[in-house]
Amino acid sequence: MKTPRYLVEDLYTADPSAHVFDGKLFIYPSHDFESGVAENDNGDHFNMRDYHAYSMNDITGEVTDHGVILDVDDVPWASRQMWDSDVAHKNGKYYLYFSAKDKNDVFHIGVAVSAKPEGPFIPMKHPMMGSYSIDPCVYQSEEKEHYILWGGIWGGQLQRYRDNKAIECGGEPADNEPSLCPKIARLSVDMLEFAEEPKDLLILDENGEPLKAGDHDRRFFEASWVHKYNGKFYFSYSTGNTHKLCYAVSDNLYGPYTYQGVILTPVVGWTTHHSICEFKGKWYLFHHDCVPSGGKTWLRSMKVVELEYDKDGKIITIEGTR
Ligand code: FUB
């Protein structure tokens, strides 16, 4: 799978989160559609209403669409913009973590539960207590603890918070100040809430200094993902307005992480978003671009390509325009 493969042709899909459950590959993307909302810096044109789940027995094989697994109308607290999501498994139950705006247009993270990885998922009545911003991903440790990571600036509203509290005049730090960090928290035993106060996941440069807010080529924007390779944690993310997928590594899940480089150069479209998953002995990068829609930034299509490391564990950069 050295040549990228588009996975779905009949719907627009983005932000794919891939996991292997019971030997089968499951993918949980956002579901883009033409809602007619004008494009702006808040991302209002990403006006998604529901999620589908997909599965594959083989990376080159058939992709099964399991249909709608959660609809905004079934989430009592949500109003619009069902953005990036992820799914975790514990004790025979599957937990869908998703970003959505509440009735006051504030982003939170919701949880929905199912007995099957393909759903449908039943949402909780309230968002996770103390949750804010977007783009959750869940990492299961070797000790079977689960951790949630998230955050996104600009339309993702992370700049409206400091120390997990909303601030009166939300904004990004000055260019020479440390950039805003993605967040991490251990999940509660029942998987429905944070088990601790969320912490900053720090990304350092080659001199051990936090990446600066003005370093748009490297600083965190959105799209958190964690995987472990050869005993090290790899935190990967999007740089947003410079359109790259980058990564940083650490010996500890909580960091600090040290910036390493680019995983994927800019794709056709504005956003770039991904997951990294090992399946049948190979590593894959799931991501999206806007080629099939003719470049419409709000109509994206998910794809997969093999991801390779060099002998030192560095990820070999993939060209986004391939
Ligand atoms: O799909 C909506 C938003 O676009 C996601 O939540 C972001 O990461 C970006 O891909």
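Looking at the stretch 12-40 only, could you name the residues that are farther than 13 Å from residue 298 by Cβ and within 14 Å of the ligand (Cβ to nearest atom)?
Quick first cut of the stretch 12-40, residues farther than 13 Å from residue 298 by Cβ only: 16-29.
Within the stretch 12-40, 16, 17, 28, 29 qualify.
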Fill in the blank from the handout: residue 223 meets each of (1) among the hydrophobic types (A, V, I, L, M, F, W, C); (2) within 15 Å of the ligand (Cβ to nearest atom); (3) farther than 13 Å from residue 149 by Cβ; (4) out of contact with any Lys or Arg (no Cβ under 7 Å at 6 or more places or on another chain) with one exception, condition (3)
Problem - Hey, residue 50 surrounded by 15 or more Cβ atoms within 10 Å (Cβ to Cβ), modelled with pLDDT of 95 or more and not β-branched (Val, Ile, Thr) or not - result: yes
Fill in the blank from the handout: So, first residue farther than 14 Å from residue 152 by Cβ in the stretch 164-188, second residue among the polar types (S, T, N, Q) and open to solvent by less than 80 Å² (accessible area, probe 1.4 Å), Cβ within less than 8 Å, six or more apart or across chains; the pairs are 171/159; 173/179
Fill in the blank from the handout: Checked pairs for the stretch 118-141, first farther than 22 Å from residue 234 by Cβ, second among the aromatic types (Phe, Trp, Tyr) and within 16 Å of the ligand (Cβ to nearest atom), C-beta under 7 Å and 6 or more apart or across chains, list as 132/107
Problem - Residue pairs meeting the criteria (Cβ under 6 Å; at least 6 apart or on separate chains; first aromatic (Phe, Trp, Tyr), in the stretch 73-89; second open to solvent by 60 Å² or more (accessible area, probe 1.4 Å) and away from the ligand (no atom under 11 Å from the Cβ)) - result: 77/126
Problem - Criterion violated by residue 235 - all others in (1) more than 13 Å from the ligand (Cβ to nearest atom); (2) touching a residue at least 60 places away in the same chain (Cβ under 8 Å); (3) surrounded by fewer than 24 Cβ atoms within 10 Å (Cβ to Cβ) satisfied - result: (3)
Handout entry: strands (runs of 3 or more DSSP E) wholly inside the stretch 56-174 containing at least 3 residues that are out of contact with any Leu (no Cβ under 8 Å at 6 or more places or on another chain) and open to solvent by less than 40 Å² (accessible area, probe 1.4 Å)
Key = 93-102, 107-114
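Among the residues of the stretch 267-312, count how many are part of a strand (DSSP E or B) and of a type outside the set (A, V, I, L, M).
Our first condition is that a residue be part of a strand (DSSP E or B); within the stretch 267-312, this holds for 275-279, 282-289, 301-306, 309.
Filter once more, keeping what is of a type outside the set (A, V, I, L, M): 275, 277-279, 282-284, 286-289, 301, 303, 306, 309.
The total comes to 15.
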Problem - residue 315 of a type in the set (A, V, I, L, M), more than 16 Å from the ligand (Cβ to nearest atom) and crowded, with 21+ Cβ neighbours inside 10 Å - result: yes
Practice task
Tell me, please, whether a residue that is within 20 Å of residue 40 (Cα to Cα) and within 11 Å of the ligand (Cβ to nearest atom) can be found in the stretch 272-280.
Solution key: yes
Practice task
Please work out which one of (1) at pLDDT 95 or above; (2) of a type in the set (D, E, K, R); (3) surrounded by fewer than 14 Cβ atoms within 10 Å (Cβ to Cβ); (4) over 23 Å from residue 270 (Cβ atoms) is the condition residue 2 fails and give its number.
Solution key: (1)
Exercise for the section: State whether one or more residues within the stretch 281-290 are away from the ligand (no atom under 15 Å from the Cβ), out of contact with any helix residue (DSSP H, G or I) (no Cβ under 8 Å at 6 or more places or on another chain) and either aliphatic (A, V, I, L, M) or under 16 Å from residue 223 (Cα atoms) (or both). Expected result: no
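The values are calculated or read from the model by the stated rules, or taken from the named source; none is laboratory data. Just so it is clear, the model here is predicted, and its values are computed rather than measured. Neighbour counts run over all protein chains shown; Cβ positions are idealised from the backbone, glycine included. Surface accessibility is based on the protein's heavy atoms, side chains included, excluding ligands, DNA and RNA. Shrake-Rupley method; radii C 1.70, N 1.55, O 1.52, S 1.80 Å.
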